[in-house]
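The structure appears right after this line, and notes come after that.
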Protein chains: 4
Amino acid sequence: MKRLKLGMVGGGYGAFIGGVHRIASRIDDRFELVAGALSSNADRAAKSAADLGIAPDRSYSDYSIMAKTEADRSDGIDVVSIVTPNHMHAAPVIAFLRAGVSVICDKPLCATLAEADEIARVVNSSSAHFVLTHNYTGYPLVRQARRMIANGELGVIRVAQIEYAQDWLAKSIENDGQKQAAWRTDPAKSGGGGAIGDIGTHAFNLLGFVTGLKTEALSADLHSFGEGRKVDDNAHILLRMQGGAKAMLWASQIAIGNENRVRLRIYGEKGGLEWDQENPNVMSLTAHGEARRILTCGGAGLGDSASDWTRIPSGHPEGYLEGFANIYSGVADLIEGKNKGELLPGIDEGLQGMLFIDTCLRSAENNGEWLSFAL
Amino acid sequence: MKRLKLGMVGGGYGAFIGGVHRIASRIDDRFELVAGALSSNADRAAKSAADLGIAPDRSYSDYSIMAKTEADRSDGIDVVSIVTPNHMHAAPVIAFLRAGVSVICDKPLCATLAEADEIARVVNSSSAHFVLTHNYTGYPLVRQARRMIANGELGVIRVAQIEYAQDWLAKSIENDGQKQAAWRTDPAKSGGGGAIGDIGTHAFNLLGFVTGLKTEALSADLHSFGEGRKVDDNAHILLRMQGGAKAMLWASQIAIGNENRVRLRIYGEKGGLEWDQENPNVMSLTAHGEARRILTCGGAGLGDSASDWTRIPSGHPEGYLEGFANIYSGVADLIEGKNKGELLPGIDEGLQGMLFIDTCLRSAENNGEWLSFAL
Amino acid sequence: MKRLKLGMVGGGYGAFIGGVHRIASRIDDRFELVAGALSSNADRAAKSAADLGIAPDRSYSDYSIMAKTEADRSDGIDVVSIVTPNHMHAAPVIAFLRAGVSVICDKPLCATLAEADEIARVVNSSSAHFVLTHNYTGYPLVRQARRMIANGELGVIRVAQIEYAQDWLAKSIENDGQKQAAWRTDPAKSGGGGAIGDIGTHAFNLLGFVTGLKTEALSADLHSFGEGRKVDDNAHILLRMQGGAKAMLWASQIAIGNENRVRLRIYGEKGGLEWDQENPNVMSLTAHGEARRILTCGGAGLGDSASDWTRIPSGHPEGYLEGFANIYSGVADLIEGKNKGELLPGIDEGLQGMLFIDTCLRSAENNGEWLSFAL
Amino acid sequence: MKRLKLGMVGGGYGAFIGGVHRIASRIDDRFELVAGALSSNADRAAKSAADLGIAPDRSYSDYSIMAKTEADRSDGIDVVSIVTPNHMHAAPVIAFLRAGVSVICDKPLCATLAEADEIARVVNSSSAHFVLTHNYTGYPLVRQARRMIANGELGVIRVAQIEYAQDWLAKSIENDGQKQAAWRTDPAKSGGGGAIGDIGTHAFNLLGFVTGLKTEALSADLHSFGEGRKVDDNAHILLRMQGGAKAMLWASQIAIGNENRVRLRIYGEKGGLEWDQENPNVMSLTAHGEARRILTCGGAGLGDSASDWTRIPSGHPEGYLEGFANIYSGVADLIEGKNKGELLPGIDEGLQGMLFIDTCLRSAENNGEWLSFAL
């Protein structure tokens, strides 16, 4: 067994998503964290690195030096995770790709469409891999849903109801020094979108991932309810999809009582399915004219099975971290050449997410005008 | 005890909603069905009447004769229920009101805005009462939700997600002689709207009933998925409400796996609540910063209580028929002068429903243009 | 149409179950309440009768006079409902049966085994009908479960977990003048059993009704947690059934958070099913090696169908009152000779319930000794 | 940061629980697997070790040599996980403890009471630590429940309903070569108990862990439904606890439709709580006279909080593996002297589990005689 060597940019003290990436990388034991530019503050970077067992000479405070140095080492990193705020994705992503290091990048891709285009150019001219952590696609039953739909079990898709509702921004806690809230509600750091960027892009990505359909047009009504807030915290979006399907997408960070409610409901001419991230090991599937069936991860009657992506038997719940780990293990497979990463979100999904944010903002500015959506 | 004398127009053999009205009228024992024009076919009318214990001389095949005759009898009916298809509401409603008989009318009000206006004029010039059976407002916890919001328990309302999803029209069963489907999908009988008229008006009515807010504008995307179907069977609607609240309304009759899923989710600055008609005796209420609470009909911790509208203790589920009966008992209270029918949907709700259908149709024809909505 | 003439003993002001019986009798419009001995206090009886529209000459304060008088009238009652406390069942039941009037009796049958034997003798020598309102057997999906098991869909039954949990007696409210609690916790009126009589008999009856199996032996651990309470308020019972099935039965009136939680879980060699009275329109059915299916009243995929006992389409929830009404409509069918009342609980079920109470009390007194149970 | 050095006995190819232990050990990055006797077959041991990145010189086929060798190395293991079948726990546990190596042992403790006593003697005379992986105690909300009860939030405990239901042994798959089933249903390897040992001990342990109460007596009805099966596959057990509480415990491996349903319901004089392992991030808590509250891991309103044992925010579900990891992280804290392992199951819990099995078997052999239960 050989573990891949992993680096990380961002993710020092007080960060949330960096820790998630690290746990995800360990669950299946295919990565070893050996280098990091965990903070742009050298002292913080060094202390965070020491805490994580990174050797002092592989703790950096400058990602570009890290990219160059690691690329030059014979035991340099195979892949780097970029877990900085949105506006600090583009530069390190490009630096590492140019250095030939594969990149795992947190979503959304970056802060502006211009940055996105530049990243795309670099990705497309690089032999290194690029994966975007739309981690909800790592849930076994989300993948199962995609497979069932691709197999035609729902028939032609007609309607999709996609939601991502939270309540942690119901009050304007960004004004009270909450760090996670502060950068997410600062247009300069988030990239202009609020809820649509932070969570709406996840919902939008899931819609495409599960249905296999592209969006053709959308109409958005965005609003900011938090006092003094500069970005949207509630988004009501209508979508028209390839093949005539219609979708509603709701993203909200002010819906009190919702912690992290990602919910998919997809209806085709032959059946419907429903899935809820807060209880992710069950999925409801109804074939027309039959009783509703409750599918479980690895459980009976699943046919072609979600157990490809589970570690323990049905009834032993796996969760968010294991779904995230499925992305990491997919990256390991991809780098090791075991498959082509068909299930992994990449640069196309990143571009679509950026375009989604941009189109929503423009539609909302034009009173919900339907805008076509094409990459 | 004196029971009110009830008549019925429509509701003969093979009808669905007429039977519901009759059960609802009996549950609290305040009505006695004594007259009917149950069918325009005299023979069918007579047989249906006999089955229901209506005396032969009070079985009519012509509602206008019934209105006149009953008004002239010293023991004539106090109130009549109109349970015909939409396009046959206006004429009997007007006839009975003009005869001084109070009217309980099934929803939606009628088939066209012109008819609606005429009905409204008659209602407003009549001393008889007019009640529209938006029966979902009769559910105890729906009324509880309205009361809580009126009391400010959720604070200023921000977002409402309203749904009414069914699947019985997933296939075009109207082509196979299914009577209920046939008139509902025939624009001449339904009034132009399909799902928006049949169930969307219920959802729209609930939105206003529970939040106490008027709609100011809406944008609609309507679609017909059933093969050869002439009216919408899926409606995606965005709404802007008084005071800045935003709403999404989804009405569908092709969402496989949904039998009769009416779902309300209302979020304010202080809390959120969620209710689902298919399990109607529980409601979830979350105050900001507190754990979710599960309120039950008549259950502990309800404060100002839904038990005003229940018959049996908490844990003994009441359902659709009892909710419908709450409308009927409200009518009895109103006619007997016990209250002013504050909770009962009336002509205003009827007009708003008709305007809702019309505005949705116009918006959809104009590619989802936001149209203002004002009575 | 001809309605059966119904009388009632008990059920005056302040009673709970009498009102339930009356609503149940009205829902399907096959009964007309025309006589009553609603209270043994003549004044209260008369006032209650007037409120219910009973003619003054058919309001009685003495059930034996009522039995005799009504039997003598050419328009006398066809059937009487006995809704008094347990210790006042036997005498009126016997009086009416002897007068040739059919009887609907609330459960449990009576207060003592001796009374039960006497009632049984009278029932067996009478041409009048006797039905016991184990009303939970009236729920469509409970009947569906019985039918499925009888059809062998679960195979040989192995294990049953039956529960009836409430919390309204968590405090000793009988000491504060709560009338419903007072007689139920007074051994002289309840018949010795507390929770086992009041609700345990329902659970025990359901076990037999649904599985079709007789109990062969039981071991009981009864306890009284309420301060100063003289009867059990929590019962833990193990049962051994015909054919080798094992069951656990839990009845509690002190389980805080449970309003009226009747829950059945039945497992056979081929499948398992689960049903919960607080959300009674769904039932879970799992065939071995297949995904769990959610059956709904009248819904898709039910095969041989619960819709025999529903009034409205699936997704329109019916509840406790409609289930109770199914018992009443069954009585109407029975009296009118439309069937033989195969689904209706009768004197055998009454005797078994009394024996259940007695056997539990004796087993508990003997430290849970397993006692054989045979009628 | 320094990781503890971990060894493992058992857990080679085809094993289930060994892999779970390894993932659990990695999640919080406090262990490094460096040695193993993964199989008693040297070849299999070596191959499994290589796959796991264990150096060849630290792969053993004999646990006693491993214990001695590792104890002698300056970089020897700090702790070893014993993940063999039940009848092969005692010898390696004793060998490692005698060598001064701390032990994490899978449950149940061992196969016989005699072995249990010997292990206990060694544990009590050793300075090394001993922890038993009753991993369900690692779920945050289970610990929260324990804390709430210890704080008196439910008042004096009255009733507990504990269940652990599975269905994977509904058919006698042990006869078809299913390895996991084979040893579990072989009395020589399982230790005499079937479901009571494999899963009943978990349920019994949870009962004590959450309520903080010792069991004083029990009565058991055990049965084997699988054709030709020699150990129980369904257990119905009544318990009497310290302070007068009563409990029902149901353990079954033949309850079709239950995958791994561990359910706790605890009722005290002041409130009740309910938790279900298959959706482990929510817990229901009802205070007397108040509405049911839904507590979530790390969620609002939890007061003294389960977030002590979570890694990610509420709404991001953690599962079985993270609960298991909480046991491992607890071991790391214990070995590093950060606390005294108050929450960790140890030798006492192991002995109680063995006594539970033995007492159940004896009670069942004596027709459910109540037997006192005291360590």
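The values are calculated or read from the model by the stated rules, or taken from the named source; none is laboratory data. None of the values given here were measured: they were computed from a predicted structure. Ideal geometry is used to build each Cβ from the backbone, glycine not excepted, and the neighbour counts take in all protein chains shown.
Against the test of being crowded, with 23+ Cβ neighbours inside 10 Å, part of a helix (DSSP H, G or I) and within 14 Å of chain D (Cβ to nearest Cβ), the options A:A67, A:A49 yield a single qualifying residue, A:A49. For segment C:293-342, the set of residues classified as of a type outside the set (G, A, S), in a loop (DSSP other than H, G, I, E, B) and over 21 Å from B:I17 (Cα atoms) consists of C:L302, C:D304, C:E336, C:K338, C:N339, C:K340, C:E342, listed by residue number. Test C:E259 against the stated conditions and say whether it is facing another protein chain (nearest Cβ under 8 Å) and either in contact with a Cys (Cβ under 6 Å, 6 or more places away or on another chain) or crowded, with 21+ Cβ neighbours inside 10 Å (or both). Judged against the criteria, C:E259 is a match. Residues that are within 25 Å of the chain's Cα centre (by Cα), farther than 19 Å from B:E278 by Cα and acidic (D, E) within segment B:151-180 comprise just one, B:E174. Between D:S329, D:S307, which is closer than 24 Å to D:G208 by Cβ, touching a residue at least 60 places away in the same chain (Cβ under 8 Å) and within 14 Å of chain A (Cβ to nearest Cβ)? Checking each option against the conditions leaves just D:S329. Among residues that are closer than 28 Å to C:H288 by Cα and more than 14 Å from chain A (Cβ to nearest Cβ), D:V231 is included. For segment C:357-375, does any single residue satisfy the condition of being under 23 Å from the mean Cα position of the chain (by Cα), closer than 20 Å to C:R3 by Cα and not acidic (D, E)? Checked against the condition, which is being under 23 Å from the mean Cα position of the chain (by Cα), closer than 20 Å to C:R3 by Cα and not acidic (D, E), segment C:357-375 yields no hits at all.
Inside segment B:90-185, counting only helices (runs of 4 or more DSSP H) that do not spill past its ends, which hold 3 or more residues that are surrounded by 20 or more Cβ atoms within 10 Å (Cβ to Cβ) and either of a type outside the set (S, T, Y) or not assigned by TED's automatic domain parsing to the domain that holds B:E259 (or both)?
Those helices (runs of 4 or more DSSP H) span B:90-98, B:113-124, B:140-150.
Mind checking which residues of segment C:268-278 are in a loop (DSSP other than H, G, I, E, B) and either out of contact with any strand residue (DSSP E or B) (no Cβ under 8 Å at 6 or more places or on another chain) or in contact (Cβ under 8 Å) with a residue 24 or more places away in the chain (or both)? Of everything in segment C:268-278, those that are in a loop (DSSP other than H, G, I, E, B) and either out of contact with any strand residue (DSSP E or B) (no Cβ under 8 Å at 6 or more places or on another chain) or in contact (Cβ under 8 Å) with a residue 24 or more places away in the chain (or both) turn out to be C:E269, C:K270, C:Q277.
What do you reckon, is B:L321 over 30 Å from A:E269 (Cβ atoms) and within 12 Å of chain C (Cβ to nearest Cβ)?
Here the answer is yes, as B:L321 does meet what is asked.
Taken over segment D:34-54, the criterion of being within 20 Å of D:F96 (Cβ to Cβ) and of a type in the set (A, V, I, L, M) is satisfied by D:V34, D:A35, D:A37, D:L38, D:A42, D:A45, D:A49, D:L52, D:I54. Just one of B:A15, B:A37 is at pLDDT 95 or above and either within 14 Å of chain C (Cβ to nearest Cβ) or buried (at least 24 other Cβ atoms within 10 Å of the Cβ) (or both); which is it? After applying the criteria, what remains is B:A37. Can we say B:R229 is within 28 Å of C:I312 (Cβ to Cβ) and either acidic (D, E) or within 20 Å of the chain's Cα centre (by Cα) (or both)? No. Scanning for something of a type in the set (S, T, N, Q), facing another protein chain (nearest Cβ under 7 Å), surrounded by fewer than 24 Cβ atoms within 10 Å (Cβ to Cβ) and closer than 28 Å to A:I266 by Cβ, does segment B:214-227 turn up at least one residue? The answer is no; no qualifying residue exists. The condition of being within 23 Å of B:A251 (Cβ to Cβ) and more than 14 Å from chain A (Cβ to nearest Cβ) does not hold for B:H129.
Looking across D:G272, D:G257, D:G337, one residue alone is under 21 Å from D:A150 (Cβ atoms) and of a type in the set (G, A, S). It is D:G272. Of the residues making up segment D:242-267, those that are out of contact with any His (no Cβ under 9 Å at 6 or more places or on another chain), over 23 Å from D:R184 (Cβ atoms) and part of a strand (DSSP E or B) are D:L264, D:R265, D:I266, D:Y267.
In segment D:349-375, the residues that are loosely packed, with under 13 Cβ neighbours inside 10 Å reach residues that are among the charged types (D, E, K, R) with C-beta atoms within less than 7 angstrom, at least six apart or across chains, in these pairs: D:S372/D:E216.
Would you say B:L169 is touching a Leu at 6+ places or on another chain (Cβ under 9 Å) and either at pLDDT 95 or above or closer than 17 Å to B:I256 by Cα (or both)? Spelling it out, it is not the case that B:L169 is touching a Leu at 6+ places or on another chain (Cβ under 9 Å) and either at pLDDT 95 or above or closer than 17 Å to B:I256 by Cα (or both).
Table: residues versus (1) within 22 Å of B:G11 (Cβ to Cβ); (2) over 16 Å from the mean Cα position of the chain (by Cα); (3) without any contact (Cβ under 8 Å) to a residue 60 or more places away in the chain.
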| residue | (1), (2), (3) |
| --- | --- |
| B:D75 | yes, yes, no |
| B:D78 | yes, yes, no |
| B:V83 | yes, no, no |
| B:N86 | yes, no, no |
| B:H89 | yes, no, yes |
| B:C105 | yes, no, no |
| B:C110 | yes, no, no |
| B:L113 | no, yes, no |
| B:I119 | yes, yes, no |
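In the condition set (1) within 10 Å of another protein chain (Cβ to nearest Cβ); (2) among the hydrophobic types (A, V, I, L, M, F, W, C); (3) under 30 Å from A:S363 (Cα atoms), B:A251 is compliant with all but (1). Looking across segment C:282-303, the residues that are within 7 Å of another protein chain (Cβ to nearest Cβ) and more than 11 Å from C:Q144 (Cα to Cα) come down to C:S284, C:T286, C:H288, C:G289, C:E290, C:A291, C:R292, C:R293, C:I294, C:G299, C:A300, C:G301. Going residue by residue through segment D:14-36, is there one that turns out to be closer than 23 Å to D:A181 by Cβ, in contact (Cβ under 8 Å) with a residue 60 or more places away in the chain and touching a strand residue (DSSP E or B) at 6+ places or on another chain (Cβ under 8 Å)? Yes - at least one qualifying residue is present in segment D:14-36. On the stretch given as segment A:100-136, residues that are hydroxyl-bearing (S, T, Y) and under 21 Å from A:M66 (Cβ atoms) total 4. Of all residues in segment A:136-144, at least one satisfies being of a type in the set (A, V, I, L, M) and touching a strand residue (DSSP E or B) at 6+ places or on another chain (Cβ under 8 Å).
Checked against the criterion of being closer than 24 Å to C:I357 by Cβ, in contact (Cβ under 8 Å) with a residue 40 or more places away in the chain and part of a helix (DSSP H, G or I), segment C:3-10 contains not a single residue that satisfies it. Can you pull out the residues in segment C:107-126 that are polar (S, T, N, Q) and modelled with pLDDT of 95 or more? C:N124, C:S125, C:S126, listed by residue number.
Of all residues in segment B:279-292, those satisfying the criterion of being part of a loop (DSSP other than H, G, I, E, B) and surrounded by fewer than 24 Cβ atoms within 10 Å (Cβ to Cβ) are B:N279, B:H288, B:G289, B:E290, B:A291.
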